[in-house]
Amino acid sequence: MNHYQPRAEDIGFILFDVLQAPATLAELPALADNADPDLMRQVLEEAGKFVGEVVAPLNRDGDEIGAQWKDGAVTMPPGFRDAYQAFWQAGWPALSGAPEDGGQGLPTVLEMVLYEWLSAANHGWTMAPGLLHGAYDCIKHHASPELQARYLEKVATGEWLATMCLTEPHAGSDLGLARTKAVPQADGSYQISGTKIFISGGEHDLTDNIVHLVLARLPDSPPGPKGLSLFLVPKFYEDGSRSAAVCERIEEKMGLHGSPTCVMRFDEATGWLVGEVGKGLNAMFLMMNAARLHVALQGVGLLDAAWQKADAYARDRRQMRAPVRQNPAEAADFIIEHPAVQRLLDTQRAWVDAGRVLAYQTAIELDVAKHHPDAARRQQAQQWCALATPVLKSAWTDQAFHGGSDCLQVFGGHGYVREWGIEQVVRDSRVAMIYEGTNEIQAQDLLFRKVLPDAGAALGAVLDRLQADLDVHPGPASECAQAGFAALRTLLADLVGGDAAQAQRLYPVAGDFLRAVTLSLMAWARVRLEAAAPAQTQTSTLAFDRWVWPEHAMRLAMVGAAWRG
């Protein structure tokens, strides 16, 4: 089984040639000194070495041995702790953190690339540090100075890992039903009591402490989401005593065996309020929004991992005779020469390439929204991120699973056995369509919270800016993308002019609307890719034109038909 190998040159092409990231980042005073292309290339090269040489080789044991639970304690698979200790001590979790918090102050996009590679190489291991970025932001922006003094730097550097304790047995994504209690104490602390499920990394031996961020309800709080507050409960307190946060068991899962998914019980565990009473979801959304973009990069990375395996296999395996033979003297041809296999592989390549363009652009816009000196430019960046995040999370986790299954098909019967490792990618990728808000929730968020409430103004503004960019790159691909934009705008004008009954009809096709927006953004990415290097991206751009883009009209038609009733 071949391990995943990061390819820094592929990432560099998109960052420097397609998106010209250093020029945009240099406009941000906070990042100008760290937007040097040579520095960014060096970081990518070193990150690729760490991922390929340290983390990727642990993937098989993580799946086959898995995390082990006994008497409330979780032992991670062999090599996981050593790899994580090397990871945080080398400064990798702190790439984009503020220097005053122990971070390195580097562009967010470098962190995103790192986690894309980590997910591709070893998804189970990567689940452990996957929430650090969100926990860091949450504590930095909402915790009291006292809590920040105790926990912020430890989380920022990754010396301590963190969890996000939201879900309860009776309440999945409907967090307003949460019943975990928080009882105020005379010293300003709270006693937290309740059970949380599906808690990634709720217990492990990777770090000396774990910081739990827990949604709970005060005794006099109103029902529903507005009654929820956020609390910090560590595994160990400053005096060395252990909190009453207990791991009751870990789930037996379809995949991600290297990541302990815990049932956590809080038995009057002492914790402290983060943010304001009744505004726990506001604070937690900092974690969830950051996590959703990281999950999108999981999708991109896992799809790339599946493609790498299938492409390598197709270039080595001979089966039957291809319609057009490269070497007629051979009894059989490499399966890469068979058109059906080429279609499977080239389609996934198109999704990986376009996904990287869009995800990296989003990461750049996150820094622009935070640091740009011009308020109007910050507003534009926020518009992009708000719209792109649910699209990326939903579309690329969906493609990771379904495209990964297509890559398994390339192996034939060999793909269905464990020897080649492709079936693990398919199993591991499936959960990304579920957590951090199911893909159906992402679709409804896009249509009913991001598009319809402002009559499509934000989406229209994003399309205007992309349209202007397409005008700079004339040609057939640009004309095709512009035609798609026009069709989307026509549908959008109908949707925002509808009545309440028509809006109700859109719920079943919210996913189709998200898919149409996805393909529109991909059409722009396809133009940028081709403009940067026509020869280098010919495979993926042709696949997009032939096999991906035709879906756009079908999705628009489905939404329009539902709207008309």
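At-a-glance table
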{"quantity": "Chymotrypsin sites (Phe, Trp or Tyr not before Pro) lying in DSSP loop within the range 492-565, provided at most 13 other Cβ fall within 10 Å", "calculated": "none"}
{"quantity": "Residue-span extension gain [ALA23 to ASP267] - 0.36 nm each, minus C-alpha spacing", "calculated": "82.6 nm"}
{"quantity": "Pairwise FRET efficiency - ASP374 versus ARG179, Cβ, R0 = 60 Å, nearest 0.05", "calculated": "0.85"}
{"quantity": "Unit charges on C-beta of K, R, D, E only; dipole of the range 389-542, Debye", "calculated": "120 debye"}
{"quantity": "In Hz, Karplus ³J(HN,Hα) per residue of the range 291-300 (6.51, -1.76, 1.60; θ = phi - 60°; x = Gly, Pro)", "calculated": "5, 5, 5, 5, 5, 4, 5, 4, x, 4"}
{"quantity": "In nm, spacing of pseudo-spin labels at ALA557 and MET254 (7 Å Cα→C-beta vector)", "calculated": "3.0 nm"}
{"quantity": "Cβ crowding within 10 Å averaged over residues, with 10-17, 253-260 ranked highest first", "calculated": "253-260, 10-17"}
{"quantity": "Three-way shape call for the range 160-283 based on the alpha-carbon gyration tensor, with the a/c threshold at 1.5", "calculated": "oblate"}
{"quantity": "For ALA310, net neighbour charge (Lys/Arg +1, Asp/Glu -1) across residues whose Cβ lies under 15 Å away", "calculated": "-3"}
{"quantity": "FRET E, pair ALA503, ARG321, Förster distance 51 Å, beta-carbon r, rounded to 0.05", "calculated": "0.40"}
{"quantity": "Stretch gain in nm, segment ASP469-LYS279, where the contour uses 0.36 nm per residue and the Cα spacing is subtracted", "calculated": "64.4 nm"}
{"quantity": "The range 1-64: translational diffusion in µm²/s, Stokes-Einstein, Kirkwood Rh over Cα pairs, 25 °C, 0.890 mPa s", "calculated": "184 µm²/s"}
{"quantity": "Prolate/oblate/rounded call for the range 438-565, Cα gyration tensor, a/c under 1.5 rounded", "calculated": "prolate"}
{"quantity": "Computed [θ] at 222 nm, deg cm²/dmol, the chain (DSSP H ≥ 4; -39,500 (n - 2.57); rounded to nearest 500)", "calculated": "-16500 deg cm²/dmol"}
{"quantity": "Exposed GluC sites (Glu not before Pro) absent - longest run of the chain, DSSP non-H/G/I/E/B, at most 10 other C-beta within 10 Å", "calculated": "253-565"}
{"quantity": "Listed residues SER221, VAL211, ALA156: farthest to the positive end of the dipole of the range 148-297 (Cβ charges)", "calculated": "SER221"}
{"quantity": "C-alpha center-to-center spacing [the range 235-274, the range 368-441] in angstrom", "calculated": "27 Å"}
{"quantity": "Two-decimal Rg/Rh across the chain, once Rg and the Kirkwood Rh are taken from alpha-carbon atoms", "calculated": "0.97"}
{"quantity": "Nearby lysines by direct alpha-carbon distance to LYS370 (threshold 19 angstrom, same-chain neighbours under 8 apart not counted)", "calculated": "LYS140"}
{"quantity": "Cut-off 15 Å between beta-carbons: net charge of the residues surrounding VAL417, Lys and Arg +1, Asp and Glu -1", "calculated": "+1"}
{"quantity": "Rounded to the nearest 20 debye, dipole of the chain from Cβ charges on Lys, Arg, Asp, Glu", "calculated": "1320 debye"}
{"quantity": "Using a Förster distance of 22 Å, the FRET efficiency for GLN342-ALA535 (Cβ separation, nearest 0.05)", "calculated": "0.80"}
{"quantity": "Net lengthening on full extension, GLU45/GLU64 (0.36 nm per residue, minus Cα-Cα)", "calculated": "3.9 nm"}
{"quantity": "In range of the label at ALA332: residues from the range 401-424 whose backbone nitrogen is under 15 Å from the point 7 Å along Cα→Cβ", "calculated": "410-415"}
{"quantity": "Neighbourhood charge, 12 Å Cβ-Cβ cut-off, centred on GLY484 and excluding it, Lys, Arg +1 and Asp, Glu -1", "calculated": "0"}
{"quantity": "Order of VAL472, VAL341 under a 10 Å beta carbon neighbour criterion, fewest first", "calculated": "VAL472, VAL341"}
{"quantity": "Simple Cβ-charge dipole of the range 160-283, Lys/Arg +1 and Asp/Glu -1, about Cα centre, in debye nearest 20", "calculated": "360 debye"}
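Each value in this text was obtained by applying a stated rule to the coordinates, not by laboratory testing. From a predicted model like this one, the values you see are computed outputs, not experimental measurements. As a convention, Cβ positions derive from the backbone with ideal geometry for all residues, glycine included, and neighbour counts pool all protein chains shown.
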